[in-house]
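These notes concern the structure reproduced below.
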Amino acid sequence: MPEGIPALKRTGQLVLDIPSDSEVHAIVTEAPYPLSTALKLMAYGGLRPNEVRGLRWRDVRLDGNGRGGGMMTVRRGVSFGQVHSPKTGQRDVPIAPPLYAELAEITDHELDEHVALMRDGRPLSQSALNAAFARLVKRLGLRHWPVYALRHYAITAWLRAGVPVHVVQRMAGHRNLSTTARYTHMVQGDLMRAVELFGNLLATVPERVGPSVRSAAVFSRFPVAEGEVV
C-alpha cells in the first residue's frame, strides 16, 4: 500500500436470518389485535421496538384516500419505561399500504394516545411484545426469531424493491450509510436460493463429460459480450 494512505477499517459481512415474505404475511395476518399493529409497524415501517412503544397518534398522518399512503414521524422511543429521543434523531417514514389498512381501522383514539397497546389498553411493554411474538411464531410452527427480525425484514424488503440505499438509510434511521449498505449483502435465504439455482443449472449438464466440456456448457448459458473479460 502506498505511504500516507490509511488502511480501510475491516467490516464483517452481515448474513441475516429473517422471515421470508410468506412468513411475515402469516405472522401479521395471524397476530391478534392489538399485537398486529405493533408487528406491522416493524415489518412495514421498519420501526425499532422502542420506537413502536413511543409512537403516538399525533405522529401518524394518513392521507385519507383509502389506498394507503401518508407519513409517520418517529419522534421518541421508550426503553425500560423511560422516554428518550430516537437513536439517530427524528425521522419521517412513509406508511405502506398494509400498515395503512391497519391504522385506518383504528378510529377510537386520542392524539396523545399510544398507537401500540396491550389488550387491556395500556401502552405496550417490551416484555409483553417479546412474549407475545414468541408465542405467535411457536403457534405457527415458525423459527424462533427475535421480534427485531421484523425490522430487518423491512429494511431488506425496501432494498429488494429498489429503494435507493441512501433513502433506506433515512427511513431506517441509520446514522451511517455503511450500516445500511451492510444490508445489501446477501441475506441467508438469498444465499440458499443461489446455491439451489446453481445446483439446478448443473443438473442440466451431462455428468459424464470432461471438466472443460462441463464448464463450457455452464458458461455458455451466460452470454459474454465480445472483448469482455470474465
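No lab work stands behind these numbers, since they all come straight from the coordinates. Since this is a predicted model, take the numbers as computed values, not measurements. Quick reminder, even Gly has a Cβ in these numbers, built from the backbone with ideal geometry, and neighbours come from all protein chains shown.
Here are some notes:
- Of LEU140, GLN169, PRO123, farthest towards positive along the dipole that unit charges on Lys, Arg, Asp, Glu beta carbons give region 21-176: GLN169
- Translational diffusion of region 24-140, µm² s⁻¹ [Kirkwood Rh, Cα pairs; Stokes-Einstein; 37 °C; 0.692 mPa s]: 230 µm²/s
- Its relative contact order, with pairs defined as Cα atoms under 8 Å and 6+ residues apart, puts region 21-176 at 30 percent.
- Along its first, second and third principal axes, ordered by size, region 98-172 spans 40, 35, 20 Å in Cα coordinates.
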